[in-house]
Each structure stands twice: as C-alpha cells, then as structure tokens.
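This report concerns only the one structure given below.
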Amino acid sequence: MSATPGRIVIVGGGVAGVSTVAALRAGGYDGTLTLVDAGEFPYDRPPLSKDYLAGKRDFEQIALKPAGWYETQSVRLIRRAQVTALLPGQGLVQLADGTTLPADRVVLGTGGTAARLPIPGAAEVGVQVLRTVEDAGRLRDALPAASRALVIGAGLIGAEVASTLAGLGCAVVLADPAAPPLAAAVGPELAAWLHDQHRTRGIDTVAAGIASLRRTSRGIEALLGGEKEARVVDLVVLGVGMVAATPLAEAAGLEVDRGILVDSAQRTSNPAVLAVGDVTRSRADGTQAGHWDAARRDGERAAATLLGRPAPVASAPWFWSDRHGRHIETVGRMAAADRTVVRGRLGDEPFAVFGFRGTTLVGAVSVDDTFAVRTARRLLDGAIPVDADLLADPSTNLRRLLRG
Amino acid sequence: MSGTGIRVAALDDIPEGEGITVDRAVTGTEDDIALLRDDDGSVWALNDTCTHETASLAEGWVEKGHVECPLHASRFCLRSGKVEGLPATRDAVAHRVEVRDGEVYLFPNETSS
Ligand SMILES: Cc1cc2nc3c(=O)[nH]c(=O)nc-3n(C[C@H](O)[C@H](O)[C@H](O)COP(=O)(O)OP(=O)(O)OC[C@H]3O[C@@H](n4cnc5c(N)ncnc54)[C@H](O)[C@@H]3O)c2cc1C
C-alpha cells in the first residue's frame with residue numbers, strides 16, 4: 001500500500017472493528033478514524049451466553065472499551081447507525097439516514113447473524129437465538145416465566161446457554177444430532193467428556209435434531225427427531241452457528257463466498273476495502289475462524305496493512321469456552337491429530353489433552369489448566385519440537401520446558 | 001508506608017516466568033498481591049485480580065515484561081499495570097517491589113518509577 005490513507009472508516013464495532021481502531025492508533029495512525037456501529041455501544045459478545053445471560057453483569061460491564069476511550073483516542077464513534085452502502089469508487093460510505101462519510105479506506109467488521117433452521121412451527125412459537133445483546137435481553141426477560149427450556153445445537157454457544165440456564169434452575173433439554181458435538185474442535189475424547197458433563201449437571205442430552213414445534217396450552221411442544229412423544233418446554237433457543245453478514249460487501253462487488261474472502265493481510269478483492277473478524281473467510285485455505293481471538297488479531301493485521309507495516313507475528317488459533325464453572329481452552333488444530341496424550345487424568349480437572357500428528361504437536365485442549373494450552377500455543381507458534389511424554393507428565397514444569 | 005517495605009517472599013519462592021499470591025492480610029492492600037517474576041529474573045507486583053473478570057494474575061503467564069491473564073489472556077504491563085490487550089479495559093494497580101539479599105519487599109500503593 002502506498003502512503004498511509006488519510007481517512008479510514010471502520011464498519012462494525014465488534015472486537016474485530018474495535019481492535020482495528022485500537023491497533024491503528026497504537027501504531028501511530030494520525031488520520032481521521034471513524035467507527036460506525038449499528039448497536040447501542042460497542043460491546044463484547046462472549047459474556048452474552050455466560051455472565052450476562054445469568055444476570056451477573058450489566059451492559060456497561062461488557063463494553064469493549066469504556067465510554068471515554070473513543071474520545072481520548074480521537075475516534076469518531078457513530079452509534080445506532082447502519083451502513084447501507086459502500087461506494088469505494090467514490091471513496092464514500094453511506095449511512096441509513098442518507099449521510100455519507102468520506103473514506104480512503106474501509107474496514108468491514110460486520111460480523112454475522114445467528115443462523116436459523118427451517119423448523120416447522122418455529123415462527124409461531126418464537127424461537128430465540130443468541131448473537132446480540134438484544135437477543136440476550138429477550139432471553140433474560142423470558143427466564144422468569146420459563147422453567148423448562150430446549151436448546152437446539154450443542155456447539156459452543158448452545159452448550160454455554162444450556163449450562164447457564166441449568167445454573168439458573170431451568171430444566172434443560174439439549175438436542176444435537178452430532179455425537180458428540182465439537183469433536184472437530186476439541187478432539188473426540190474430550191468432546192465426549194465435555195458433552196457428558198451436561199448430563200451429570202442434570203441436563204437431558206438428546207442425540208437428535210428438531211423435527212417440529214407447536215404452541216399448545218401446555219407450553220411449546222417440541223418433537224425431536226426419532227421421538228414419538230413431544231417434549232413440553234417454555235422456551236426454545238437455537239444455537240446452530242452463524243451466518244456472515246456479507247450483504248454490504250456483496251453489493252459493493254467484493255468477492256464473497258460464505259464470508260468476505262481476504263488474504264493474509266485482510267485485503268478483500270477491492271484494494272480500498274479490508275475485512276476483519278467473523279465476516280471473513282481465508283482466500284488461501286477457506287477457513288473461517290469465528291472466534292474472539294481470531295477477530296482481535298485480524299484487526300491488528302488490518303491495522304498493519306493500512307499503516308504499510310509488516311503483519312504482526314501469526315499465532316495458532318485459540319479459543320475458550322466457559323460452562324458448568326469450568327474453563328476450557330483450545331489451541332491449534334485438534335482435528336489434525338492422529339494421536340493424543342493426556343496431562344493428568346481425563347475427567348479429573350485440571351487436565352489437558354495434547355494432539356500429535358506423528359511426532360509433531362498440532363493442538364491442545366485444557367480443562368481448568370490454561371498453562372498447558374498457553375504452553376502449547378507457544379510451542380506451536382515457535383514450531384518447537386517437543387516430546388509427547390514430557391508434556392503428558394504432570395510433574396514437568398511447562399513454563400521451564402518452553403524455555404529449554 | 002515504611003521506608004523498608006514489607007517482606008513478602010524469598011526470591012527463590014517465585015520461579016521465573018511465574019507468580020505467587022500474597023494475601024491482603026499481609027500487605028494491607030485492597031486486593032491480594034500477585035508477585036510476578038519475569039523471564040529476566042526481575043520481580044513485579046500487581047493487584048492479583050484481573051480487571052476483566054475474576055482470575056488470579058499470579059496464575060498467569062509471565063513473559064517479556066507482561067503477564068497474560070489465565071482466563072481470557074488479557075495482557076498487563078508488569079511495570080505499570082497498564083492493560084495492553086482486550087478483553088480487559090482497565091489497568092491493574094502496580095506496586096513497587098525491591099529485592100534485597102534474596103528477599104522480596106513490597107511497597108504497597110507506591111509506583112515503580
Ligand atoms: C453468545 C456468544 C458467545 C461467544 N463466546 C465466545 C467464547 O467464549 N470464546 C470465543 O473465542 N468466542 C466466543 N464467541 C465468538 C466471538 O464473540 C466472535 O468471534 C466475535 O464477536 C467476532 O467479532 P466481530 O467483530 O468479527 O463481529 P461481531 O462481534 O458480530 O460484531 C459486528 C458488529 O458489526 C455491526 N454491524 C454489522 N453490520 C453493520 C452495518 N451495516 N452497519 C453498522 N454496523 C454493522 C454489528 O451491529 C456488530 O456490532 C461468542 C459469540 C457469541 C454470539
């Protein structure tokens with residue numbers, strides 16, 4: 001990229017957009033910086049299925065940055081505003097109220113929306129999803145009158161919602177046809193154990209999809225695949241993934257394939273437009289991270305690109321999930337493993353599972369043992385060879401192992 | 001606070017790259033104190049509770065002048081407590097530390113520089 005652009009507009013105030021803004025200013029960018037977000041005030045999503053849903057945190061406590069930050073960083077924050085068109089040819093971004101913002105470069109961090117399934121009866125019973133703080137608010141509001149809930153989809157968000165609802169005293173049915181869910185993300189052994197944790201916490205786990213929903217005087221009747229008898233619940237939550245929010249990009253003629261296609265510098269097919277976070281998909285390998293840390297790092301990479309600097313050092317994909325009072329972390333690609341070793345005993349927290357392909361470490365998952373995953377992350381990032389038996393031995397000091 | 005500080009640990013109690021917690025009953029501070037030892041051997045003190053949620057920074061990963069929270073990997077500067085990475089947004093409180101004859105002394109609520 002030639003000279004540093006004078007005016008940058010960021011669309012979307014999720015972690016990807018906000019981290020782009022923060023990294024630009026931290027990197028010394030002194031041009032005009034505008035962040036446009038459709039919501040009330042840029043906030044963080046992970047708490048929505050955890051403490052926020054449980055009512056343990058309020059909106060202010062999940063802000064990505066405190067209110068004064070934007071001002072001190074000289075960032076113009078335009079809230080409650082929908083960007084309706086990108087006009088890269090004219091160097092403009094258009095808002096729903098007709099205003100246009102001049103932009104030499106645009107960064108799209110529009111995230112995604114909750115995926116829906118075509119379930120017969122879904123509209124009639126008012127199936128809930130969880131992507132935004134408004135969704136979380138609706139769920140919270142429904143809770144006092146709901147003692148029985150059906151959660152459809154036991155991936156990351158479904159599992160967390162089930163855990164939070166159970167913790168609030170709700171009788172929960174958790175349905176997912178995958179057996180066990182998350183096997184690709186955390187490996188089959190740990191996926192099975194994690195899924196079994198729901199059962200031990202009194203959640204009724206069913207290996208089935210949803211066939212139909214119906215509102216009756218008894219409540220919502222939910223018929224699950226392969227079952228004859230409908231389950232009666234007060235609340236249905238759908239957690240079946242995310243759909244990238246690409247309409248703006250498509251209308252602007254960017255290359256989109258279930259996500260805005262980006263290169264390793266976050267550049268889209270239009271040289272004036274970059275994209276970051278959940279809305280993107282890698283042009284090189286087709287991967288779509290969909291996790292918080294990946295979105296944050298995208299922002300840092302986009303900022304480097306805009307500043308004409310080399311990209312920050314890449315790091316293995318990493319994410320966490322909190323459920324049933326346990327903290328789970330994953331790094332790397334457990335799906336690539338052909339062999340695993342356990343540090344500690346599987347099922348006896350804290351413990352961790354390391355995945356190897358041949359003699360090469362490819363991933364790790366931990367339950368209440370973040371040191372294990374943080375070590376694995378550094379081993380992966382540095383391509384440092386490591387002995388599986390050493391990792392598995394709980395008496396090995398991981399911190400020292402890394403220092404060699 | 002006294003000019004000599006409070007003896008809170010022996011240097012050897014804190015492995016490089018790791019941390020230990022000192023109870024607030026000992027330090028008289030509002031929070032427990034995380035004594036964090038960088039990989040160059042230097043020792044630093046921050047309020048132990050991550051400003052994001054409720055993790056103990058003493059259980060974090062200490063490296064190259066920073067500590068990374070064990071829960072969601074927020075990063076704080078060991079020297080100043082300044083937050084350097086989301087999701088945390090507030091700085092941690094830093095306290096001055098002195099090492100004399102292999103003993104670690106804490107000066108609660110005094111800053112380092
Ligand atoms: C309930 C929940 C729990 C999660 N828990 C975890 C977890 O524990 N660990 C983990 O690693 N990840 C978790 N995630 C995933 C993580 O939150 C996402 O990866 C992250 O939010 C992606 O950030 P983003 O900035 O790309 O997109 P988003 O956070 O979706 O932000 C996009 C923003 O763009 C705005 N926007 C979109 N279109 C427009 C427009 N046209 N004009 C103006 N504004 C627009 C939206 O309003 C939104 O504010 C969770 C997600 C959810 C929903």
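Remarks
- Whole-Å semi-axes of the ellipsoid equivalent to the stretch A:36-104 (Cα gyration tensor, √5λ, descending): 30, 14, 9
- Long-range Cα-Cα pairs in the stretch A:116-238 (distance over 20 Å), rounded percent: 39
- Cα gyration tensor category, rounded, prolate or oblate, for the stretch A:264-383 with a/c compared to 1.5: prolate
- Equivalent ellipsoid dimensions for the stretch A:1-79 as semi-axes, Å, which come from the Cα gyration tensor, largest first: 27, 11, 10
- Here the stretch A:121-163 is assigned +1 on the Cβ of each Lys and Arg and -1 on the Cβ of each Asp and Glu. Its dipole about the Cα centre then comes out at about 80 debye.
- Between the stretch A:13-78 and the stretch A:117-167, the C-alpha centres lie 25 angstrom from each other.
- Of the whole protein surface, A:Glu349 contributes about 60 Å² of accessible area at a 1.4 Å probe radius.
- Dipole of the protein assembly as shown computed with +1 at Lys/Arg Cβ and -1 at Asp/Glu Cβ about the Cα centre; of A:Ala16, A:Leu379, A:Gln90, farthest Cα towards the positive end is A:Gln90.
- For the stretch A:116-238: accessible area per residue (Å², 1.4 Å): 44
- About its Cα centre, the dipole of the stretch A:251-341 is roughly 100 debye, where the only charges are +1 on Lys and Arg Cβ and -1 on Asp and Glu Cβ.
- The distance from the alpha carbon centre of the stretch A:177-241 to that of the stretch A:316-389 is 27 Å, rounded to a whole number.
- Choice from B:Val93, B:Val43, B:Val26 showing the highest fluctuation, given a GNM over chain B with Cα pairs closer than 10 Å: B:Val26
- Check: chain A dipole with +1 on Lys, Arg Cβ and -1 on Asp, Glu Cβ, in debye: 340
- Our summary of shape: the Cα atoms of the stretch A:325-402 have principal axis extents of 32, 27, 19 Å, ordered from largest down, in whole angstrom.
- Taking all protein chains together and rolling a 1.4 Å probe, A:Tyr52 ends up with roughly 20 Å² accessible.
- What the phi angles of the stretch A:384-396 give under the Karplus curve with 6.51, -1.76 and 1.60, with θ = phi - 60°, is a coupling list of 8, x, 8, 7, 4, 5, 5, 4, 6, 6, x, 7, 6 Hz, glycine and proline written as x.
- For chain B, the 222 nm mean residue ellipticity estimated from helices alone, with every DSSP H stretch of n ≥ 4 adding -39500 (n - 2.57) and the total spread over all residues, rounds to -500 deg cm²/dmol.
- Gyration tensor verdict on the stretch A:1-44 (Cα atoms; rounded if a/c is under 1.5, prolate if a/b is larger than b/c, oblate otherwise): prolate
- Share of Cα-Cα pairs in chain B lying beyond 19 Å, as whole percent: 35
- Residues in the stretch A:135-144 carry Karplus couplings, in order, of 4, 4, x, 4, 5, 4, 5, 7, 4, x Hz; the curve used is 6.51 cos²θ - 1.76 cosθ + 1.60 with θ = phi - 60°, and Gly or Pro positions show x.
- With a 1.4 Å probe rolled over the protein heavy atoms of all chains, the accessible area of B:Lys82, A:Lys228 falls in the order A:Lys228, B:Lys82, largest first.
- Percentage of interatomic Cα-Cα distances in the protein assembly as shown larger than 30 Å: 54
- Positive-end ranking of A:Gly347, A:His324, A:Ala337 along the dipole of the stretch A:309-357, with charges on Cβ about the Cα centre, is headed by A:Ala337.
- Vicinal HN-Hα couplings computed from phi for the stretch A:155-169 (Karplus, 6.51 cos²θ - 1.76 cosθ + 1.60; Hz; Gly/Pro x): x, 4, 6, x, 5, 5, 5, 4, 5, 5, 5, 4, x, 8, x
- Cα point-scatterer Debye curve for the stretch A:229-307, base-10 log of I(q)/I(0) at q = 0.15, 0.19, 0.20 Å⁻¹: -0.53, -0.76, -0.83
- Think of the stretch A:14-149 as a dipole: +1 on every Lys or Arg Cβ, -1 on every Asp or Glu Cβ, centred on the Cα centre; then among A:Gly27, A:Leu101, A:Ala115, A:Ala115 lies furthest on the positive end.
The values are calculated or read from the model by the stated rules, or taken from the named source; none is laboratory data. Keep in mind the model is a prediction, meaning the values are calculated, not measured. Here the Cβ is made from the backbone with ideal geometry for all residues, glycine too, and neighbour counts use every protein chain on show. What goes into the accessible areas is simple: the full protein's heavy atoms, side chains included, and nothing from ligands, DNA or RNA. Shrake-Rupley method; radii C 1.70, N 1.55, O 1.52, S 1.80 Å.
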